[in-house]
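Presented below is the structure to which this report refers.
The values are calculated or read from the model by the stated rules, or taken from the named source; none is laboratory data. These numbers were taken from a predicted model, which means no experiment stands behind them. All Cβ positions, glycine included, derive from the backbone under ideal geometry; neighbour counts span all protein chains shown. These accessible areas exclude ligands, DNA and RNA; they are computed on the full protein's heavy atoms, side chains included. Shrake-Rupley method; radii C 1.70, N 1.55, O 1.52, S 1.80 Å.
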Amino acid sequence: MPGEPKRLEHPKSVYLIGFIFKIITLTVMIAVIYQITFSPHGPAVLVPIQKKIAEGQKSAILDEVKKHEEYEKHRHFHNIVEYPQLPENMRPVCYICHSNYPHSKNKKVRALLNMHTQFFVCETCHIEPKKGMDVIYKWYNPYDPNPKGPFFGTSYDPETGNLIEVSDYFSKIAPYFVKGDKYESAIQIQDSALAQDYAKVKDQLTPEQRDNVKKKFHINIKPKGHECKVCHSKKSILEFKKLGFTPNRTVDIQQLNITGLVTKYEKFYIPNLFK
Amino acid sequence: MSLKIALKNYFILFLPAITIMLFMPATSFSADIGNCLLCHKYPGISRVDEEGKLKLFYVNEDIFNNSVHAKVKCDGCHTDIKEIPHKHAIKVDCLVECHIIEPASKKKFSHKDVQTFINKSVHGVIDNKGKEKKFKEDFPTCKSCHDNPLYRPISFFKRVRPGISEQSLGRCRVCHKSEDFIYRSYNHVTTRLHPLNIAGVCAKCHNDLALVTRHGLSTKAVYSYGETFHGKAASFLDERIPNCLDCHVSKGESVHQMLTHKDPNASTSEQNKGKICTTIDCHPSASPKLAKYGVHSEFNLTQSPAQYFFTVFFIVLTGGTLLPLMVIIFLDIVRRFFPNASIGGRK
């Protein structure tokens, strides 16, 4: 009897079968444990503890915002489609603190101004011109240094009369400073040094320090953006042709050609807007 | 709403839009919508209001044109907007008479009848003695149940499946010439929500525990539907699976006329519910006793004692067999890794 232990001399296949059976039993076992602890079909013995933990992490603000978003989708009645969004670090720095809907003060135009953030970066309207430096406007795409288009809203589909469908969701018109024959981007994105540094330390700053930093982000930013007629007129700062707008689309943008708008312009934001 | 159903919904919500665009004939017309879309076509036209709530103002034209309301002009519903730029708009009244003429009666069309059905149903605010029910803000209006409905056609030609049946369209073309008319008529008649989407509509209230308790209902109905066989089968995208309406609406009645199961006229009342199961589409050869099956049973001792004990029995059975087995396997593993181990130096 003493000597080599016999029970290790099984053929290899036995180990394999044993292994498979163990996996199966283990799976079923986990299922049973789940059934007893968390499943709504069982006595749910651990659910009270789970709830307590969840309560600790609950945020009333987050809950309310989510609830409201859900509610708004239905209140809106017309069906909502999701659009692709840039990842956090690819967005311009403004988005650390502002959203796509930053305008709220001027009741008549707030929603229309927000609408423009879909095809402009903030600086396109908010840039403070630097002395002696020209600004030109080009399409800017965070994924592509030389975006080719076709870009959103630049031409009509001849069959339907609607704006053409585009696959480029991220290009926006952005300002560039002209330096000799080079263009220098007038915007900063969130992986710039300043932005990354800010993200690192923002929790440690006092309110006063934070205010100072805020000012840093607002250098070259004017508090009120361009007026409508700066773009929606024949003397537009945007070179529509170079930006790829077709002639008929350009005319429509320059004139915003609908009867109601033109005759009632004086009620609108800025007199002479549509002349 | 249970997460599972919520996620599913999310997916299915966008599915019709995509499939519809695939089925759209190239000639599909675009409603003349009075230039409202000049501004409202941009997804960015939204804002945060004074209370910090996000308001969306955009309308996606493709999706609007594939909704049942595509032929109604914007100002058919938003009747107060007469000039542009416009002032703050008032809420839309779904029962307004619109410019569309109802072909059978040749009168201007309105949804007023739907409201009369709702008033007569369990969802009406006034009870049958003419008194206002308690918690009247809990009761649904058109918009609590309906977003602008999208076409979601169903083919019945050989097999029930989502989508348009080309064979059926061929039959329409025997007499009708306008492709647009054919396309819309087909959609008008066959469009149906997916069972899970219907459940999703009801979930807003019928999964809200506070509401369910306030009104003395015995179950979070959508949750329990999802837990039982019907709801689970519906998750696999089969059109034949009964949804809430198949059981709660008497055959041939308006889908809006649901009654409480305590009402003897209800399809779900004690006397009538046997007939639900045995309809020709479901379990035609079953005995009416099949209706004893708990369609809304939860794992809850007071609500469904039989199911409760049944489930507990199986937990104990499986656990009871497997636990000892696990112990044995564990000991076996220990022995394999330490073939010569012994307790207390025993040889």
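Odds and ends about this structure:
- Yes/no for B:Thr260 being in contact with a Pro (Cβ under 8 Å, 6 or more places away or on another chain) and at pLDDT 85 or above: no
- The residues on offer are B:Ser342, B:Ser285, B:Ser269, and the sole one that is part of a loop (DSSP other than H, G, I, E, B) and touching an Asp or Glu at 6+ places or on another chain (Cβ under 9 Å) is B:Ser269.
- Residue among A:Glu55, A:Glu88, A:Glu82 that is in contact (Cβ under 8 Å) with a residue 40 or more places away in the chain, surrounded by fewer than 13 Cβ atoms within 10 Å (Cβ to Cβ) and among the charged types (D, E, K, R): A:Glu88
- Checking each residue of segment B:180-189 against the condition of being of a type in the set (D, E, K, R) and open to solvent by 60 Å² or more (accessible area, probe 1.4 Å) gives no match.
- Selected residue (only one of B:Ala221, B:Ala266, B:Ala199, B:Ala234 is in contact with a Pro (Cβ under 7 Å, 6 or more places away or on another chain) and hydrophobic (A, V, I, L, M, F, W, C)): B:Ala234
- Looking only at segment B:122-166, residues that are open to solvent by 90 Å² or more (accessible area, probe 1.4 Å) and either at pLDDT 85 or above or part of a helix (DSSP H, G or I) (or both) come to 6 in all.
- Residues of segment B:200-230 satisfying the condition of being buried (at least 17 other Cβ atoms within 10 Å of the Cβ), in contact (Cβ under 8 Å) with a residue 40 or more places away in the chain, assigned to a helix (DSSP H, G or I) and not hydrophobic (A, V, I, L, M, F, W, C): B:Gly200, B:Lys204, B:Tyr223, B:Ser224, B:Tyr225, B:Gly226, B:Glu227, B:His230
- Summed over segment B:273-330, residues that are without any contact (Cβ under 8 Å) to a residue 60 or more places away in the chain, more than 10 Å from chain A (Cβ to nearest Cβ), exposed (fewer than 15 other Cβ atoms within 10 Å of the Cβ) and among the small types (Gly, Ala, Ser) total 4.
- Of the residues making up segment B:319-347, just one is of a type in the set (Ser, Thr, Tyr) and closer than 22 Å to A:Phe19 by Cβ, namely B:Thr321.
- Pairs where the first residue, in segment A:177-192, is within 17 Å of A:His98 (Cα to Cα) and the second is basic (Lys, Arg) and surrounded by 12 or more Cβ atoms within 10 Å (Cβ to Cβ), C-beta under 6 Å, 6+ apart: A:Gln190/A:Arg91
- When residues of segment A:46-83 are limited to those that are in a loop (DSSP other than H, G, I, E, B) and more than 11 Å from chain B (Cβ to nearest Cβ), the one modelled with the lowest pLDDT: A:Lys58
- Single condition B:Glu102 does not satisfy, out of (1) in contact with a Ser or Thr (Cβ under 8 Å, 6 or more places away or on another chain); (2) without any contact (Cβ under 8 Å) to a residue 40 or more places away in the chain: (1)
- Scope segment B:44-67; condition more than 7 Å from chain A (Cβ to nearest Cβ), over 17 Å from A:Lys67 (Cα atoms) and open to solvent by less than 30 Å² (accessible area, probe 1.4 Å); matching residues: B:Tyr58, B:Asn65, B:Asn66, B:Ser67
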